1. In Å², what does the accessible area per residue of the chain work out to with a 1.4 Å probe?
2. Straight-line reach from K31: which aspartates and glutamates have a Cα under 20 Å away, not including same-chain ones fewer than 8 places off?
3. Mind listing P(r) for the chain? All alpha-carbon pairs, 10 Å bins, whole percents.
4. For the pair Q40/I56, report the inter-label distance in nm, with labels modelled 7 Å from Cα in the Cβ direction.
5. In nanometres, what is the gap between the two model label sites at A64 and D29, each 7 Å from Cα along Cα-to-Cβ?
6. Compute the signed sum of charges (Lys and Arg +1, Asp and Glu -1) over the other residues within less than 15 Å, Cβ to Cβ, of R23.
7. Sticking with the crude label model, points 7 Å out along Cα→Cβ, report the distance from M1 to T14 in nm, one decimal please.
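The values are calculated or read from the model by the stated rules, or taken from the named source; none is laboratory data. Please read all numbers here as calculations on a predicted model, not as lab measurements. Here the Cβ positions follow ideal geometry from the backbone for every residue, glycine too, while neighbour counts run over all protein chains shown. Just the protein is used for accessible areas: all its heavy atoms, side chains included, with ligands, DNA and RNA removed. Shrake-Rupley method; radii C 1.70, N 1.55, O 1.52, S 1.80 Å.
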Amino acid sequence: MAKCVVCAAMGMDTTVDEEDARRKGLTYDYKGRTYYLDSQEHLNMLKEDPERYIKIALERGWAA
């Protein structure tokens, strides 16, 4: 199980099943890492500004 980085940036702790995310096309590869998202909206948000969401999530204690 993975955590949605956009949810983490917004202070939520949302678990994402990697296989389910792959089937739904809710993954994003960035700088050699695959991110698993919980919705198309969050995928779009991450694609728009990945550095922002990753930085905020890490500041909030998200384990990358």
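1. Working: 4010 Å² over 64 residues.
So the chain comes to 63 Å² accessible per residue, rounded to a whole number.
2. By straight Cα distance, K31 reaches E18, E48, D49, E51, E59.
3. Histogram of Cα-Cα distances, whole percents per bin: 26, 62, 13.
4. 2.2
5. 1.9
6. Working: positive: R22, K24; negative: D17, E18, E19, D20, D38.
Surrounding charge for R23 is -3.
7. Taking the two extended label points, one gets 1.5 nm.
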